Amino acid sequence: MENLISANMHVYWLEYKIAEILFSPDFIMQVSNENLPKSMRYGLQSATAVQATTTLSRFASVNGTSFTPTGSNQVRIKMQAPGFLDLAKHSLSFKVTGATAALFVDTHAGSFFDRLRIEANGVVIEEINSYGLYNSIRKTYNRSFAHQWKDAVGSGSGQLEIKNQAADGGADDGKIVKAEVGSLGETIAAGASAHFTIQLESGLFQNDHKKALPEGTVELDLILTLAANNQAVIAATGQAPTWTLSDPVVHCPSYRIENADVMSSYRQVMQAEGMMISGITAKAYVNELAGAAGRKSLQINDRSLSCLGMVTALRDSGVDSVIDKYANGAYGFNDGTGNVTSYRYQIAGINYPASDVDVETAANGRNFGRVYHESVKALARAGEIESDGNVSRHQLAGSVLDVYASATDTASTEVPKGLIAVDLRKFNDGMLRMSGLNTAANASPNVCEISTDALHGALSATTFAICEAFYAVSPSGSMSVAV
């Protein structure tokens, strides 16, 4: 320890002497240590971590090990660690076994779940409906290429793909073909199985500042409701694959601090005021967009303390019940017959954005710039200005009616990824709370107004209000949420 103190004294003495020289009358510019390059500021060093022990906690389902969409369709996992639970590093692992015919994962293995719910002593802390769709949107708009490969390995998601233009020697032989992220995930043959490991798109589990769940917090109940059979997977028309999900387990590191002084200070703060964790969650509102041409209004009526943005996904009506369409991976602006031409959200009588966002899917006059900009802003994580979207220009023009027809006609890169969105943040500073719009301030209606040509038919419109959630842990360890 004495040697360490002596070394630090020499480092600070060196910085002092450098600053003294720079402050001398021979230098015109008056500077301090802050003006030195970091390569010369030897006092800037990593701090020594507090003494602690860590272990990888394992939480298995408490209501069985095998689940099906038409039978036991709720997975219940109880979570409580002896120390601090490092939620940001959690993972959910499970096995899916196929039957009857081969099936494919729809975009990402999160598609096997339709609802995520977290309870603490019976109090609902977080609930996300239409979870498979929300998860797909997040994995499409919040995923760098580094995570693209990780998800392909762990969750069976679609990868970068190139569609052949012609047979060898054909007219398009040698033509440059653009690579895009596909929606067709891992295949599971009839009677075969695959293991998946994913992270849940939860505001609590992936909270803004990667906070651990405090020691002494009450037991959490994670409840995952399975999606319908055809909603979760995809296959060719006429095929009728089924699947079973088994052995769901959450792994999450937990640690204990072994410094008595640190823990004493921590407990004093907890007893005095408790703790609060903030995160980004989503509320789902489902409407139907009529097929007739004109302007239509979708009722949303969100009531959030801090709504950061809204995103609306237009899909084929009834897509969750058919096997050959991407229920979670296809959402866009046209259905092969008509198109969305413009939109705006209206909250408490005020237009957001102030002027309509125009959309054009045709090659002549194509216009996606502003709508895509609103999407990546609305889906940005805490402290980010924009999200990392993996969507090509081509994938914003596709039809929501595209189907998986065969192994040579999968529509994997053809199905669209376009969202009707608006950013409602006042600030993008990750250290500020309540930076969104207070949609709970009054009871005025909130609507999304969409103008379209005549469509092939009605479309399903699922709107996610992206909002801040504030999870409070009381001195007794109980939890509550304000959102």
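Here, each number is a calculation from the coordinates, and none is a lab measurement. Because the structure is predicted, anything quoted here is derived from the model rather than measured. Backbone-built Cβ (ideal geometry, glycine too); neighbour counts: all protein chains shown.
Some points to look at:
- Legend: ranking of residues 316, 358, 106 from fewest to most surrounding C-beta atoms inside 10 Å; resulting order 358, 316, 106.
- The GluC sites (Glu not before Pro) of segment 235-315 that DSSP puts in a loop, and whose beta carbon has at most 13 other beta carbons within 10 Å, are 258.
- Given charges at Cβ of Lys, Arg, Asp, Glu: the chain dipole, positive-most of 451, 101, 65: 65
- The label-point distance for residue 356 and residue 52, in a model that sets each label 7 Å from Cα toward Cβ, rounds to 5.4 nm.
- Across segment 445-458, computed HN-Hα scalar couplings (Karplus, 6.51 cos²θ - 1.76 cosθ + 1.60, θ = phi - 60°) run x, 10, 9, 10, 9, 10, 9, 9, 6, 5, 8, 4, x, 5 Hz from first to last residue, x flagging Gly and Pro.
- Segment 464-477 - phi-based ³J(HN,Hα) in whole Hz, Karplus 6.51/-1.76/1.60, Gly and Pro as x: 9, 7, 7, 9, 7, 10, 10, 8, 9, 10, 7, x, 7, x
- Assigned charges on the beta-carbon of Lys, Arg, Asp, Glu; the chain dipole about Cα centre (debye): 440 debye
- Sorting 434, 310, 79 by the number of Cβ atoms found within 10 Å of their own Cβ, with the fewest placed first, yields 434, 79, 310.
- Using the Karplus relation 6.51 cos²θ - 1.76 cosθ + 1.60 with θ = phi - 60°, the per-residue 3J(HN,Hα) values for segment 241-253 come to x, 10, 8, 10, 9, 9, 6, x, 9, 9, 10, 8, x Hz, with x marking Gly and Pro.
- Ranked for footprinting exposure by Cβ neighbours inside 10 Å, fewest first, 113, 427, 464 give 427, 113, 464.
- Three-way shape call for segment 356-413 based on the alpha-carbon gyration tensor, with the a/c threshold at 1.5: oblate
- Looking at the chain, the pairs of alpha carbons with a distance over 28 Å make up 59% of the total.
- Shape call, segment 76-229: gyration tensor on alpha carbons, a/c limit 1.5: prolate
- As a ratio to 2.2 N^0.38 Å, the alpha-carbon radius of gyration computed for segment 360-483 takes the value 1.39.
- Modelled label reach - residue 321, point 7 Å along Cα→Cβ, segment 219-239 residues with backbone N closer than 14 Å: 228-231
- Seen through its C-alpha gyration tensor, with square-root eigenvalues sorted a ≥ b ≥ c, segment 115-157 comes out prolate because a/c lies at 1.5 or above while a/b is bigger than b/c.
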